[in-house]
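Take a look at the structure set out below.
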Amino acid sequence: MTKKVAFYTLGCKANQYDTEVMKGALNEVSDYRIAPLSEDSDIAIINTCSVTGGADRKSRKYIRRAARKAELVMVTGCYTSLDSDEIADISGVDIIFPNPHKYEVVKIIRRAESGFRGKVEEVNGSAWDIDQRVISRDSNHTRAFLKVQDGCSNHCTFCKVHYLRGPTRSKSRSRVIEEASELGDNGFSEIVLTGINLAEYGEEAEELAELIRELSQVEEISRIRLSSINPEGITRELLEAFKDSEKTCPYFHVPLQSGSDSILDAMKRGYSREFYLKKIELIRNSLSEPTIGTDLLVGFPGEKERDFARTKETIREAGPINGHVFRFSPRSVTPAADFEDKVRSSVKKRRAAELRSLVSSISLNRRREFRGNSLDMIIEEPSDKIGGWRGYSKNYLDIHLRQLDHAVTLEPGETVKVKMTEVREDYCLAEPLDSDHETQKVASAIKSGREKSGE
Ligand code: SF4
């Protein structure tokens, strides 16, 4: 009898990719079928995240929910690396298999079916081999996340991730090319290269640039995007490779964390405010219409109002269109958890709110610069804002395309030429531009729709 397997996945793109790998392995075996979360399942696999205390709490919530719906409950992911005892205490948990065992999911289910319960312990070197499996589809996105790197050799003092994902390692370029062309074959026109620290991709310097050049030759894909990359990964060679390819997306999510050099030192981020801004300037001077995103951490121990002011200044200079703002929370095993001079939670809250509103006003002005511009947008999903479609431009503007005439068919994954007409709080509006028959039909539909609604 075929068993239904449901996946609960939390966290970053690299972790979501790992779930696709496990789904791929199960799809190769006739005994199992991937079941949607809405259905009760025979087996539930929770791929946890542990980047913050909040992620741990959410992981525990998902585990409890799964335990109410499935006979066999298996837990993997970053939360299992250091805190498997906490997980083992949750009633209903049968199997714990940490990150290096994800690629052996079928073998572990078989062991469970013959009665094994508990934590999968032994790890041999090959378990970390990132080349051993690839994916051919992404069941959750129109853009496929493609993990090319895992682990991290940095030691940022607030970060627990590098204790959880193992040694830094990279997928060979030939394997990435093979995977990208198969994803392209299966309809994924855009691939998003992801990892834990993409700046560490490859054995040699500039291997990421080389990878971009080789990927640009893969006919089956039309867009190449980077997920997030630390400032030290932004190099002339990488930007040259971006400039020389029609397929690359000029959006760079470059975590800053803080704009104060003394706080960056305490975080052991390995760069200064000036170094960061120079990298942003290099991007601006190298590519046409590039945009920036960033991550910011407020309330790090010792952060004074002057440090926070520096962060705001730096953000104004960097001019991001996206900014994820986190409040510092001490993580066990990290050095910063024992740092003195803790910032009061009310102050953290106020600074986070102030920074979020600053980022959104900077983003609004930055995106307004693209009003009237023509852009390519890949249709992703129906818009949740207006009657129409949503998708992203190459430089990661969140675009909503009005569609009034439902006779016109647009499909997720389709590229449409649009003209950006309006910028709203957290998204942009556009209308079709190009003379292509389909979009011509859309254009006329919008025009008649406008006439009908008197706009
Ligand atoms: S670069 Fe720093 S924050 Fe990022 S995973 Fe590595 S140690 Fe953590």
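The values are calculated or read from the model by the stated rules, or taken from the named source; none is laboratory data. Note that this is a predicted model, so its numbers are computed, not measured. Positions of Cβ are backbone-derived with ideal geometry, glycine not excepted, and every protein chain shown enters the neighbour counts. Heads up: the accessible areas ignore ligands, DNA and RNA and are worked out on the full protein's heavy atoms, side chains in. Shrake-Rupley method; radii C 1.70, N 1.55, O 1.52, S 1.80 Å.
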### Query
Near the amide H of L429, under 5 Å away, which other amide H atoms are found, from residues 5 or more places off or on another chain, if H is placed in the peptide plane?
H400, T421, E422, V423, R424
### Query
E381 label point, 7 Å along Cα→Cβ, cut-off 17 Å on backbone N: hits in region 412-427?
412-414, 426-427
### Message
Using a 1.4 Å probe on the protein heavy atoms only, what accessible surface does D85 show? Give it in Å² to the nearest 10.
### Response
120 Å²
### Summary
Sorted by chain and then number, the residues having a modelled amide H within less than 5 Å of the amide H of I96, at least 5 places away or on another chain, are V75, G118, K119, V120
### Query
Which far-off residues, 5 or more places away or on another chain, put their amide H under 5 Å from the one on Q257, with H placed in the peptide plane?
D295, L296, L297
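Run the dipole for region 258-368 about the Cα centre, Lys and Arg Cβ at +1, Asp and Glu Cβ at -1, nothing else charged, and hand back the magnitude in debye, nearest 20. Before the final figure, lay out the partial values.
Working: 23 positive and 15 negative charges, 89 e Å.
I would put it at about 420 debye.
I'm a student and want to see the number: the projected area of the Cα convex hull of the chain, averaged over all directions, in nm². Don't skip to the answer; put the middle values down first.
On the way: hull surface 93.0 nm².
That works out to 23.3 nm².
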### Query
What Cys residues in the chain are without a partner cysteine, judged by a Cβ distance under 4.7 Å?
C12, C49, C78, C152, C249, C428
### Summary
If unit charges are put on Cβ atoms (+1 for Lys and Arg, -1 for Asp and Glu) and the dipole of region 129-249 is taken about its Cα centre, the option from S189, I212, H155 lying farthest towards the positive end turns out to be H155
### Query
Can you list the residues of region 408-427 with backbone N under 13 Å from a point 7 Å past the Cα of S374, pointing along Cα to Cβ?
416-420
### Query
What net charge do the residues around E240 carry, taking every other residue with its C-beta under 10 Å from that of E240, with Lys and Arg at +1 and Asp and Glu at -1?
0
## Note on the structure
FRET efficiency for S346 and F116 from the Cβ-Cβ distance with R0 = 35 Å, rounded to 0.05, comes out at 0.10
### Summary
Phi angles of region 130-144, converted by Karplus (6.51 cos²θ - 1.76 cosθ + 1.60, θ = phi - 60°) into ³J(HN,Hα) in whole Hz with x for Gly and Pro, give 6, 7, 6, 9, 10, 10, 10, 7, 10, 6, 10, 9, 7, 9, 8
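Taking the Cα centre of the chain as origin, sum charge times position over the Cβ atoms of Lys and Arg (+1) and Asp and Glu (-1), and report the length of that vector in debye to the nearest 20.
Working: 70 positive and 74 negative charges, 368 e Å.
Dipole about the Cα centre, nearest 20: 1760 debye.
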### Query
Roughly how many Å² is the accessible area per residue of the chain, as a whole number, for a 1.4 Å probe?
43 Å²
### Query
For H155, what accessible area in Å² do you get when you roll a 1.4 Å probe over the heavy atoms of the protein chains, rounding to the nearest 10?
110 Å²
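Ignoring ligands, DNA and RNA, what percent of the accessible area of the chain is carbon or sulfur (1.4 Å)? Show your work: numbers first, answer last.
On the way: 9220 of 19650 Å².
Carbon and sulfur atoms account for 47 percent of the accessible area of the chain.
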### Query
Any idea how far apart D244 and E206 come out in nm if each label point goes 7 Å out from Cα toward Cβ?
0.9 nm
### Task
Pull out a ≥ b ≥ c, the square roots of the eigenvalues of the alpha-carbon gyration tensor of region 7-137, then state rounded if a/c is under 1.5, prolate if not and a/b is larger than b/c, and oblate in the remaining case.
rounded
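What value, in deg cm²/dmol to 500, does the helix sum -39500 (n - 2.57) over DSSP H runs of n ≥ 4 give at 222 nm once divided by the residues of the chain? Before the final figure, lay out the partial values.
Details: 14 runs with 160 residues, N = 455.
My calculation for the chain gives -11000 deg cm²/dmol from helical runs alone.
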## Note on the structure
Given unit charges at Cβ for Lys, Arg (+) and Asp, Glu (-), the dipole magnitude of region 46-156 about its Cα centre in debye, nearest 20, is 620 debye
#### Entry: Extension gain, S172 back to L82 (0.36 nm per residue minus Cα-Cα distance, nm)
29.6 nm
### Task
Could you run the Karplus curve 6.51 cos²θ - 1.76 cosθ + 1.60 with θ = phi - 60° over region 222-230 and give me ³J(HN,Hα) per residue in whole Hz, x for Gly and Pro?
10, 9, 10, 10, 9, 6, 9, 9, 5
### Vicinal HN-Hα couplings computed from phi for region 33-50 (Karplus, 6.51 cos²θ - 1.76 cosθ + 1.60; Hz; Gly/Pro x)
9, 6, 10, x, 4, 5, 8, 5, 9, 6, 10, 10, 10, 9, 9, 7, 10, 9
### Task
Rank-order 224-237, 200-213 by packing density, defined as the average count of other C-beta atoms within 10 Å over each peptide's residues, highest first.
224-237, 200-213
